Amino acid sequence: MQEEQDVELEARLEDRERFEPPESFVEQANVSDESIYEAFDEEWPECWEQAADLLDWDEEYETVLDDSNPPFYEWFTGGELNASANCLDRHLEDRGDEAAIEWVGEPTDEENRTYTYEQLHREVNEFAAALRDMGVGEDDVVTMYMPMVPELPIAMLACARIGAPHSVVFAGFSADALATRMNAADSEYLVTCDGYYRRGDPLEHKAKADEGLEGVEHEVSDVVVVDRLGDTYDHPMAETHHDYGDLVADHEGAEVEPVARDAEDMLFLMYTSGTTGQPKGVKHTTGGYLAWTAWTSQAVLDIKPEDTYFCSADIGWITGHSYIVYGPLALGTTTMMYEGTPDHPERDRLWEIIEEYEATQLYTAPTAIRAFMKWGTEFPDKHDLSSLRLLGTVGEPINPRAWKWYYKHIGDESCPIIDTWWQTETGGMMVTTLPGVKDMKPGSAGPPLPGLDVQVINPSGEEVEAGQAGHLTVQKPWPGMLRTLYNNDERYIEEYWAEYSDTDSDDPEDWVYFPEDGAKIDEDGYITVLGRVDDVLNVSGHRLGTMEIESAIVGVEGVAEAAVVGGNHEVKGEAVYTYVITEDGYEGDDEMRDRIVEGVEDAIGPIARPEAVVFTPELPKTRSGKIMRRLLEDIANGDELGNTSTLRNPDIVSEIEAKVSDD
Ligand code: WT7
């Protein structure tokens, strides 16, 4: 039955490679005039005043862009503002009683929570006062290691209020990963949580946080613990550990004047994976980042104050920072937060939430859409999803089949889909259609947003012809861009600019940002992102460095060498494939396999869990000793093997291949 429906859908939508924006959407869209592209080109960089104008400034900026010292660009210089005031205070008069956050917990027998702008403002003030009393000063980095509880955005906004940058560590990351990030940021404060609910069960979190704290090399002054689980489990509280609820109660009614921050002052740090084992601390600033997330939320997500906007990402990743917290709240809308997974208690949980809250937008990841597709249409079909006006995806390429399924079964063929390409580093969306202006092409993210100069180039830096593949590059700066890697300007240049820039030049024309993605472009200027060209995997839309995983594996007793590659996965997009050489005297058996999986989970977290561990006496290497990852990828994907003639040990490849097909 399901299959029949799919076949029918395929047949009808298959040949369609272009979809016009639905008329009903265009009529009400925030942006519906194509002339914006030309206008922004002509007015660049002043066009970005339009983004800055969405914010309230304490001090007007003097210059839109200071590009005198590339690639250390500065935006809206001389301006001063506060992100928490922009997300809260200025909405109080008109929207004080309206919901700012609608929070849905995972257990269905528990009350959900609504925070009006008034209530959110109050609690942010109280917690900001508590942080200040604790000694948190301007520019002190506060780490948050929290799941999807309302206290996470509250803590972020409280930090923003007092000018303390936050560094949020995804709650699914391991204790080690927390320690690495606190050490790198020299962060002396942690806000965490006793636990949360996952697929019906309470999950301890504080013990993991405590374990992480043991790995912090400097003194941690204070730890704040949010009580999510009540008395479900006892966790010891050291003298420097404070209960969040007590702190807020002790500061009841406190008011904290928002600190006027320079536009270029750091708003937050976010650690992300790169080619080396050491995560990169991406630095975002107050003015440019907030303007970027507000503008893209308005132009692309089409957010209006009266909307109930739902992004199903986790705030522990950049998507949640930009498009659950900062962008939507800057626009004064209602943003939703869901604590749990989409399949609990049933596979219709998201659709149930959308129906109940009459959500107007859904922004999710292709991996989720592929899972929904697998589960079948009976789950969305049970619910009235007609409140939805726009659908979005982010994090990885979406295959046309999943795109069409989303379009038909969730959007009822009446919602535009935005396929948004961007990165932690870009702060917000970069390549996507403006939903009220441009036709959609399934599988292709679309043209660059107005005011952006994105090009697909070949190794000599020239633009490729339509249909050809090359490297995605951004040729001009934009307000939401990262400013540097925390305490590491050199690595910032190395990682993002060196490849295509003349690094000795101080002419901005000579500087090109390279995001490490491959892409192709068509005759209409639509960009199809092909995936990372560095050693970074994209597992369920999460970025993982192969080096990080490899160093976790070689840390396991009995492992001599390891190579990690990505293999195609029906739902996750990519999955972690590991090839391991054991030390003499160790057996590549189940016990060893378990220890390797555990080692990876301990070092990074369950998201990096290997799909397959293949033991091998050797790895395929070139004569110069480089591991030929491409061949290992071919094996993982069951693909025809690439050229092995440059190997010094060509026989090993078929040996490994035979092993994998045996398993
Ligand atoms: C990498 C960035 C952007 C927030 C979530 C991930 C891939 C992202 C798309 C898309 C194809 C995409 C890229 C990019 N990516 N969006 N729409 N189509 N690929 O943020 O962890 O910084 O990862 O995700 O490879 O470089 P991130």
Sketch the reach of a paramagnetic label on residue 306 as a point 7 Å from Cα along Cα-to-Cβ, and name the residues of region 381-416 whose backbone nitrogen lies under 18 Å away. 386-390
For the chain, alpha-carbon Rg and Dmax in angstrom: 24.5, 73
For residue 283, go through the lysines and keep the ones whose alpha-carbon is under 25 Å away, minus same-chain ones fewer than eight residues off. 476
Could you order the peptides 37-46, 528-537 from most to least packed, using the average number of other C-beta atoms within 10 Å per residue? 528-537, 37-46
I need the phi-derived Karplus couplings for region 531-545: 6.51 cos²θ - 1.76 cosθ + 1.60, θ = phi - 60°, integer Hz, Gly and Pro marked x. x, 5, 10, 9, 8, 10, 9, 10, 9, 6, x, 9, 8, 10, x
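Roughly speaking, what is the stretch gain from residue 46 to residue 408, that is 0.36 nm per residue apart minus the C-alpha to C-alpha distance, in nm to one decimal? Kindly include the intermediate steps, with their values, before the conclusion.
Values: separation 362, 0.36 × 362 = 130.32 nm, distance 3.95 nm.
Residue separation times 0.36 nm, minus the Cα-Cα distance, leaves 126.4 nm.
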Unit charges on C-beta of K, R, D, E only; dipole of region 535-662, Debye: 660 debye
Signed unit charges on C-beta, dipole axis of the chain, positive-most listed residue 539, 505, 183: 539
Surface share of carbon and sulfur [accessible, 1.4 angstrom probe, percent] for the chain: 40 percent
Taking the Cα centroid of region 111-143 and of region 517-537, what is the distance between the two, rounded to the nearest whole Å? 40 Å
May I ask what percent, to the nearest 5, of DSSP beta bridges between residues of the chain are antiparallel? 60 percent
Go through 139, 584 and list them by solvent-accessible area, largest first, probe radius 1.4 Å. 584, 139
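For residue 63 and residue 640 in one chain, what is 0.36 nm times their gap in residues minus the Cα-Cα distance, to one decimal in nm?
Contour length minus Cα-Cα distance gives 202.2 nm.
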Please list, ordered by chain and number, the residues whose modelled amide H lies under 5 Å from the amide H of residue 303; skip anything fewer than 5 residues away on the same chain. 298
Assuming R0 = 22 Å, what is the FRET efficiency of residue 238 and residue 186, from their Cβ-Cβ distance, to the nearest 0.05? 0.60
Among 276, 385, 373, pick out the residue whose Cα is farthest towards the positive end of the charge dipole of region 272-391, where Lys and Arg carry +1 and Asp and Glu carry -1 on C-beta, about the Cα centre. 276
Run the dipole for region 468-589 about the Cα centre, Lys and Arg Cβ at +1, Asp and Glu Cβ at -1, nothing else charged, and hand back the magnitude in debye, nearest 20. 560 debye
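Starting from region 282-354, pick out the GluC sites (Glu not before Pro) whose DSSP state is loop and whose Cβ has at most 13 other Cβ atoms within 10 Å. Each step should come with its number before you reach the end.
Details: sites: 306, 339, 346, 352; in loops: 306, 339, 346.
Listed in order of number, the matching sites are 306, 346.
What does the charge count around residue 177 come to, taking other residues whose C-beta lies under 12 Å from its C-beta (Lys +1, Arg +1, Asp -1, Glu -1)?
On the way: positive: 181, 208; negative: 176, 211, 548, 601, 602.
Summing Lys/Arg as +1 and Asp/Glu as -1 gives -3.
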Taking the Cα centre of the chain as origin and charging only Cβ (+1 Lys, Arg; -1 Asp, Glu), how large is the dipole, in debye to the nearest 20? 1380 debye
Dipole of region 455-600, positive end: most advanced residue of 467, 578, 527 [Cβ charges, Cα centre]: 527
Per residue, how much accessible area does region 535-662 have with a 1.4 Å probe, in Å²? 47 Å²
Per-residue ³J(HN,Hα) for region 617-633, Karplus 6.51 cos²θ - 1.76 cosθ + 1.60, θ = phi - 60°, Hz, x for Gly and Pro: x, 8, 10, x, 10, 6, 4, 7, x, 7, 5, 8, 5, 3, 5, 5, 5
For residue 441, list the lysines whose Cα falls under 17 Å from its own Cα; do not include residues on the same chain fewer than 8 positions away. 404, 408, 520
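The values are calculated or read from the model by the stated rules, or taken from the named source; none is laboratory data. All of these numbers come straight from a predicted model, not from anything done at the bench. Neighbour counts run over all protein chains shown; Cβ positions are idealised from the backbone, glycine included. Heavy atoms of the whole protein, side chains included, go into the accessibility calculation; ligands, DNA and RNA do not. Shrake-Rupley method; radii C 1.70, N 1.55, O 1.52, S 1.80 Å.
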